[in-house]
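So the structure is just underneath, and the comments pick up after that.
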Amino acid sequence: MNVVASVLSAKLSRTGRKTGAFFAVLATLLLVPAIAAAVTGPAANNDPAIITGQARVIDGDTLDVGPTRIRLEGIDAPELAQTCRTASGESWDCGKAAAAFLRAMVQQKDLDCDRTGSDVYHRTLALCVEDGIDINEAMVRAGMAWAFVKYSRAYVDVEADARAKKVGVWQGAAEAPWDFRHAGWQVAQATSPGGCAIKGNISSHGHIYHMPWSPWYGRVKIDTARGERWFCSEAEALAAGWRPAFPN
């Protein structure tokens, strides 16, 4: 992807380490396409206060640092299956682009993630920094994520700046991720048994549940004879020992 390649080039060639200067450059580069309820306080696991290591990106706001799955706090990136519009009205894969942008920033780099709590997926909520750059803020500043105002107002001003510069998702029409998820749920619920729209699939990867906005949701067929099932809520799926679907 040209946008991500440009980002890497700009990042590697910078001479300063000031976040503002770095992302002033990104704002011009990104003019072309490139749910969890928070539980604040101590996390439910034994993760240390600061989690350090190299990251594996899951999507635009989720990554693994070692064995710890981290949800970047205060932001909400477009879902992997989500598309947005350019200024001319053309569709682009903003969900995949957000994940690629995050990957370009953190790959083969050591992150320091300050744990702030956990969410209903049992993921660690954290603020992550790489080479002096606030990763959470960087995603919003580049127009690759929304400020997740339902849970935090930390990045509201950063989002306003990205909107004004029309970078990333702000170059054209874009649906907020929480609205995208809500719409997907409404459609799936109308055609699911008993309105239970979550698909519990059994595969070589184990017992995995797929939300209606999952990229694979439409391809997953539930065979109850194999022990596969439908869930009415994520709490129900988690309690049954199933895990959410994420890309490898």
Whole angstrom only: what separates the Cα centroid of the stretch 149-164 from the Cα centroid of the stretch 181-241? 32 Å
Which three extents, in angstrom, do the Cα atoms of the stretch 56-155 have along their principal axes, listed largest first? 40, 31, 24
Radius 11 Å from Cβ of Ile75, net charge of other residues (Lys, Arg +1; Asp, Glu -1): -4
Apply the Karplus parameterisation 6.51 cos²θ - 1.76 cosθ + 1.60, with θ equal to phi minus 60°, to every residue of the stretch 205-222 and state each ³J(HN,Hα) to the nearest whole Hz, in sequence, with x for glycine and proline. 8, x, 8, 10, 10, 10, 7, x, 9, 5, x, 9, 4, x, 8, 7, 10, 8
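None of the figures in this text is laboratory data; all of them are computed from the coordinates on show. These numbers were taken from a predicted model, which means no experiment stands behind them. Cβ coordinates were reconstructed from backbone atoms using ideal geometry, including for glycine residues, and neighbour counts include every protein chain displayed.
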